[in-house]
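The values are calculated or read from the model by the stated rules, or taken from the named source; none is laboratory data. Not measured: the values here are computed from a predicted model. Glycine also receives a Cβ, built like all others from the backbone with ideal geometry; neighbour counts cover every protein chain displayed. What goes into the accessible areas is simple: the full protein's heavy atoms, side chains included, and nothing from ligands, DNA or RNA. Shrake-Rupley method; radii C 1.70, N 1.55, O 1.52, S 1.80 Å.
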Amino acid sequence: MSDVETQTPAHEVTLTDAAAAKVKSLLDQEGRDDLRLRIAVQPGGCSGLIYQLYFDDRLLDGDAIRDFEGVEVVVDRMSVPYLAGASIDFSDTIERQGFTIDNPNARNTCACGESFH
(Lines give C-alpha, C1' and ligand atoms only; values in the text may rest on other atoms or scores of the structure.)
Protein backbone atom coordinates (compact mmCIF):
# COMPACT_ATOMS: atom_id res chain seq x y z
CA MET A 1 0.00 0.00 0.00
CA SER A 2 1.37 3.42 -0.90
CA ASP A 3 1.53 6.41 1.47
CA VAL A 4 -1.33 8.09 -0.41
CA GLU A 5 -3.61 5.10 0.18
CA THR A 6 -2.78 4.84 3.88
CA GLN A 7 -3.62 8.52 4.41
CA THR A 8 -6.75 8.49 2.25
CA PRO A 9 -10.15 7.56 3.68
CA ALA A 10 -12.18 4.73 2.16
CA HIS A 11 -15.63 5.25 0.68
CA GLU A 12 -18.72 3.05 0.92
CA VAL A 13 -19.25 2.41 -2.81
CA THR A 14 -19.02 -1.26 -3.79
CA LEU A 15 -18.39 -3.03 -7.08
CA THR A 16 -20.05 -6.34 -7.85
CA ASP A 17 -17.81 -9.11 -9.13
CA ALA A 18 -19.20 -8.55 -12.65
CA ALA A 19 -18.43 -4.82 -12.52
CA ALA A 20 -14.91 -5.40 -11.15
CA ALA A 21 -14.21 -7.95 -13.91
CA LYS A 22 -15.43 -5.53 -16.62
CA VAL A 23 -13.35 -2.66 -15.21
CA LYS A 24 -10.28 -4.95 -15.11
CA SER A 25 -10.92 -5.92 -18.72
CA LEU A 26 -11.22 -2.28 -19.81
CA LEU A 27 -8.07 -1.34 -17.90
CA ASP A 28 -6.20 -4.22 -19.57
CA GLN A 29 -7.32 -2.87 -22.96
CA GLU A 30 -5.96 0.57 -22.02
CA GLY A 31 -2.58 -1.03 -21.32
CA ARG A 32 -1.82 1.31 -18.41
CA ASP A 33 -1.33 0.46 -14.77
CA ASP A 34 -1.76 4.00 -13.41
CA LEU A 35 -5.51 4.36 -14.00
CA ARG A 36 -8.33 4.15 -11.46
CA LEU A 37 -12.09 4.12 -11.87
CA ARG A 38 -13.39 7.51 -10.74
CA ILE A 39 -17.04 7.86 -9.77
CA ALA A 40 -18.44 11.35 -9.32
CA VAL A 41 -21.77 13.07 -8.85
CA GLN A 42 -22.19 16.37 -10.67
CA PRO A 43 -25.03 18.81 -11.33
CA GLY A 44 -26.97 18.04 -14.50
CA GLY A 45 -29.76 16.08 -16.09
CA CYS A 46 -33.48 16.58 -15.60
CA SER A 47 -33.49 15.54 -11.94
CA GLY A 48 -30.52 17.62 -10.81
CA LEU A 49 -27.56 15.22 -10.45
CA ILE A 50 -25.76 12.86 -12.81
CA TYR A 51 -23.21 10.10 -12.32
CA GLN A 52 -19.88 10.16 -14.05
CA LEU A 53 -17.69 7.05 -14.35
CA TYR A 54 -14.32 7.33 -16.06
CA PHE A 55 -10.70 6.30 -15.78
CA ASP A 56 -8.41 8.80 -14.12
CA ASP A 57 -4.71 8.83 -13.40
CA ARG A 58 -4.94 11.64 -10.84
CA LEU A 59 -5.53 11.59 -7.10
CA LEU A 60 -7.04 14.82 -5.80
CA ASP A 61 -6.98 16.21 -2.28
CA GLY A 62 -9.76 14.58 -0.26
CA ASP A 63 -10.33 11.65 -2.64
CA ALA A 64 -11.60 8.47 -0.98
CA ILE A 65 -10.16 5.23 -2.39
CA ARG A 66 -11.19 1.61 -2.11
CA ASP A 67 -9.58 -1.41 -3.74
CA PHE A 68 -11.62 -4.26 -5.24
CA GLU A 69 -9.19 -7.07 -6.02
CA GLY A 70 -6.81 -4.83 -7.94
CA VAL A 71 -9.37 -2.30 -9.17
CA GLU A 72 -9.02 1.03 -7.39
CA VAL A 73 -12.26 3.01 -7.17
CA VAL A 74 -11.93 6.71 -6.36
CA VAL A 75 -14.68 9.07 -5.17
CA ASP A 76 -14.07 12.78 -4.70
CA ARG A 77 -14.78 14.40 -1.34
CA MET A 78 -17.96 16.18 -2.51
CA SER A 79 -19.47 13.02 -4.04
CA VAL A 80 -18.87 10.69 -1.07
CA PRO A 81 -22.12 11.57 0.80
CA TYR A 82 -24.23 11.17 -2.37
CA LEU A 83 -22.73 7.73 -3.08
CA ALA A 84 -22.59 6.23 0.43
CA GLY A 85 -23.85 2.64 0.17
CA ALA A 86 -24.12 2.68 -3.64
CA SER A 87 -23.39 -0.50 -5.57
CA ILE A 88 -22.10 -0.59 -9.14
CA ASP A 89 -22.94 -3.57 -11.32
CA PHE A 90 -22.31 -4.51 -14.95
CA SER A 91 -24.82 -6.30 -17.16
CA ASP A 92 -24.21 -7.81 -20.59
CA THR A 93 -27.55 -9.21 -21.69
CA ILE A 94 -29.95 -8.70 -24.58
CA GLU A 95 -32.06 -6.39 -22.42
CA ARG A 96 -29.25 -4.31 -20.96
CA GLN A 97 -25.56 -3.71 -21.45
CA GLY A 98 -23.47 -1.42 -19.33
CA PHE A 99 -22.83 -0.25 -15.82
CA THR A 100 -25.72 0.40 -13.45
CA ILE A 101 -25.67 2.16 -10.09
CA ASP A 102 -27.99 1.16 -7.27
CA ASN A 103 -27.88 4.17 -4.98
CA PRO A 104 -29.92 4.19 -1.74
CA ASN A 105 -29.47 7.99 -1.56
CA ALA A 106 -31.32 8.66 -4.83
CA ARG A 107 -34.83 9.71 -3.89
CA ASN A 108 -36.12 10.34 -7.41
CA THR A 109 -34.83 9.52 -10.86
CA CYS A 110 -35.81 11.04 -14.17
CA ALA A 111 -37.77 9.13 -16.83
CA CYS A 112 -34.64 8.57 -18.94
CA GLY A 113 -32.82 7.12 -15.92
CA GLU A 114 -29.73 9.27 -16.43
CA SER A 115 -30.09 11.61 -13.46
CA PHE A 116 -31.35 11.57 -9.87
CA HIS A 117 -32.24 13.76 -6.91
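General remarks:
- With a Förster radius of 30 Å applied to the C-beta separation of residue 10 and residue 94, the computed FRET efficiency comes to 0.25.
- Formal net charge of residues neighbouring residue 24 (Cβ-Cβ distance under 14 Å; K, R +1; D, E -1): -4
- Computed from point charges on the beta carbon alone (+1 for Lys and Arg, -1 for Asp and Glu), the dipole magnitude for segment 37-87 about its Cα centre is near 220 Debye.
- Whole-Hz Karplus values for segment 68-78 come out as 10, 6, x, 9, 7, 10, 10, 10, 6, 3, 6 Hz, taken residue by residue from phi with 6.51 cos²θ - 1.76 cosθ + 1.60 and θ = phi - 60°; glycine and proline positions read x.
- Probe 1.4 Å - accessible area at residue 87, Å² to nearest ten: 30
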